[in-house]
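To start, the structure itself, in structure tokens.
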Amino acid sequence: MNLSYWEEKHYFEDNDLVVIGAGIVGLSTAIAAKTLRPDLKVLVLERSIVPSGASTKNAGFACFGSVTELISDSVNMKYEDQIALLKMRWDGLKLLQSNVTPEDMSYRSRGGVEVLELDDVSQITALDNINKYNEMVSDAIGLKDCFSIVDQHLSDSFHSKAIYNQYEGELNPMHMMSSLQRKASKLGINILYGVDVQSVYSGVVNLVTKEIESPKIAVCTNGLSRALLPQLALQAVRNQVFVTELLANNPLQSCYHFDQGYVYFREIDNRILIGGARNLYSEQENTDQFGQTDNLKAYLKSFVEERITKRTIQFEYEWSGILGVGETKEPIIEEVAKGLYVGVRLGGMGVAIGSGVGHSLAEMLLS
Ligand SMILES: Cc1cc2nc3c(=O)[nH]c(=O)nc-3n(C[C@H](O)[C@H](O)[C@H](O)COP(=O)(O)OP(=O)(O)OC[C@H]3O[C@@H](n4cnc5c(N)ncnc54)[C@H](O)[C@@H]3O)c2cc1C
């Protein structure tokens with residue numbers, strides 16, 4: 001790195017906090033820390049020229065749980081833990097809205113629809129359970145009648161009834177992230193893109209050609225974290241996303257979930273965005289490598305053609321992102337060594353919990 005005296009001083013000297021990763025968690029951590037302590041000098045380091053993990057690659061669902069997911073979770077989680085998770089997601093969405101206005105992230109509150117497999121008892125049972133899960137949502141976040149049963153007209157291959165969640169929304173992830181970037185810059189936080197952190201220890205961040213010292217360091221690299229901290233209980237998982245050509249008659253009105261949210265699709269700009277299905281190809285998708293695969297792409301293409309458009313379509317955009325999952329759905333927010341903190345393992349709903357994880361991490365490292 002060929003740095004001038006002024007660059008060296010401005011970016012690398014006397015930082016109170018260095019955050020690694022400029023996704024939703026990294027920026028939310030930096031923003032919360034600087035808001036709580038405006039006197040702090042905060043630096044965010046991001047390896048790519050744009051954030052490269054998940055925060056600008058995701059599908060933009062502002063959601064907090066479908067009924068089939070809640071049923072599945074109830075097998076492994078206690079009622080109180082499910083309530084806490086729902087609350088974390090809902091509170092996180094509210095916190096996000098305190099950082100970014102709905103207009104600035106192109107938020108649309110169109111609700112969400114969960115479609116159910118026609119002959120799959122484990123999914124159809126959701127219809128008999130909506131009162132139970134309405135009570136759970138009400139216990140968690142005080143919202144009444146969250147789920148209701150509606151007619152489903154997309155395809156005969158789904159059950160004729162679907163579940164509508166009136167409180168779900170959708171947003172543009174890039175708009176969300178660029179608003180967070182603007183907010184961070186306005187607060188005086190330095191953000192450097194194209195800086196790949198090689199290793200991190202208490203008090204020290206190593207770049208390719210230099211070492212940065214800071215009393216507090218926050219690692220916010222989610223699914224890509226094990227390269228820096230191999231001991232973390234975290235599995236990297238890829239999610240592939242596809243967007244169709246422009247469609248004259250788009251049958252989608254809101255955002256849709258299928259199979260516990262493993263498949264998700266929605267209308268964007270007269271196209272259909274569809275992604276997920278990682279559970280069907282889990283061995284292949286348990287990776288921190290970006291990329292598309294023919295088998296998963298073919299599955300999602302025929303899903304659109306057979307169940308949504310009823311005609312052949314072409315995908316015009318495709319990409320992938322990497323998320324971090326674990327044995328439980330709770331994120332890891334902790335101090336792993338003196339002054340070295342992590343805020344990772346966001347699972348599939350990081351848009352919902354990312355702001356809250358960042359805020360909790362900032363409070364922890366400043367306490
Ligand atoms: C395809 C896809 C669709 C999704 N859809 C949704 C959705 O609709 N709704 C929802 O709520 N959630 C969704 N998620 C999940 C959500 O996007 C993530 O949970 C969330 O963005 C994670 O944010 P993060 O800041 O923790 O991590 P990331 O956004 O992954 O940010 C981590 C950053 O760290 C950087 N980094 C990594 N290693 C280094 C290093 N060594 N040095 C410097 N920088 C480094 C990366 O480049 C990256 O920018 C989706 C995820 C994916 C992948």
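Coordinate-derived values only; no laboratory data. Please read these numbers as outputs of a predicted model, since none were measured by experiment. Quick reminder, even Gly has a Cβ in these numbers, built from the backbone with ideal geometry, and neighbours come from all protein chains shown.
At a threshold of 8 angstrom on Cα-Cα distance, excluding pairs fewer than six apart, so keeping six or more, what relative contact order does the stretch 235-325 reach in percent? Each step should come with its number before you reach the end.
On the way: 163 pairs, mean separation 39.9, N = 91.
Reported relative contact order: 44 percent.
For Lys301, a cut-off of 18 angstrom between C-alpha atoms picks up these lysines, skipping any fewer than 8 places away in its own chain: Lys310. Across the options Gly347, Phe242, Leu17, the greatest Cα extent toward the positive end of the charge dipole of the chain (unit charges at beta carbon of Lys, Arg, Asp, Glu) belongs to Leu17.
Cross-link partners of Lys161 among aspartates and glutamates, defined as those whose alpha carbon lies under 14 angstrom from its own and excluding same-chain residues fewer than eight positions apart: Glu114, Glu117, Asp119, Asp120, Asp128, Asp151. Here is the list for the stretch 1-94: GluC sites (Glu not before Pro) lying in DSSP coil, each with at most 15 other C-beta atoms within 10 angstrom of its C-beta, are Glu13.
Full extension of the chain between Asn295 and Val204 gives 28.5 nm of extra length, using 0.36 nm per residue less the Cα-Cα distance. Calculated FRET efficiency, Glu306 to Asp39, Cβ-Cβ distance, R0 = 51 Å: about 0.30 to the nearest 0.05. Placing +1 on each Lys and Arg Cβ and -1 on each Asp and Glu Cβ, with no other charges, gives the chain a dipole about its Cα centre of roughly 700 debye. Estimated purely from DSSP H runs of n ≥ 4, each contributing -39500 (n - 2.57), the mean residue ellipticity at 222 nm for the chain is -9500 deg cm²/dmol once divided by its residues. Per-peptide packing, taken as the mean over residues of other Cβ atoms within 10 Å, places 185-194, 135-144 in the sequence 135-144, 185-194 from highest down.
The convex hull of the Cα atoms of the stretch 235-325, projected and averaged over all directions, covers 5.6 nm².
Of all DSSP beta bridges in the chain, what percent run antiparallel (nearest 5)?
Working: 46 of 65 bridges.
If I count the DSSP bridges inside the chain, around 70 percent turn out antiparallel.
Cross-link partners of Lys144 among aspartates and glutamates, defined as those whose alpha carbon lies under 17 angstrom from its own and excluding same-chain residues fewer than eight positions apart: Asp91, Glu135, Glu168. Among 285-297, 248-260, sorting by the average number of other beta carbon atoms lying within 10 angstrom of each residue, highest first, gives 248-260, 285-297. Annotation for the stretch 11-97: trypsin sites (Lys or Arg not before Pro) lying in DSSP loop with at most 12 further Cβ atoms inside 10 Å of their Cβ are Lys78. One decimal place: the segment Asn131-Asp196 gains 18.5 nm when fully extended, by the rule 0.36 nm per residue minus the C-alpha distance. Look at Thr221, Thr209, Thr29 and count the other Cβ atoms within 10 Å of each Cβ; fewest to most, that gives Thr209, Thr221, Thr29.
Centre-to-centre separation between the Cα atoms of the stretch 1-21 and those of the stretch 126-157: 50 Å. Taking the empirical scaling 2.2 N^0.38 Å for compact globular proteins as reference, the chain has a Cα radius of gyration ratio of 1.01.
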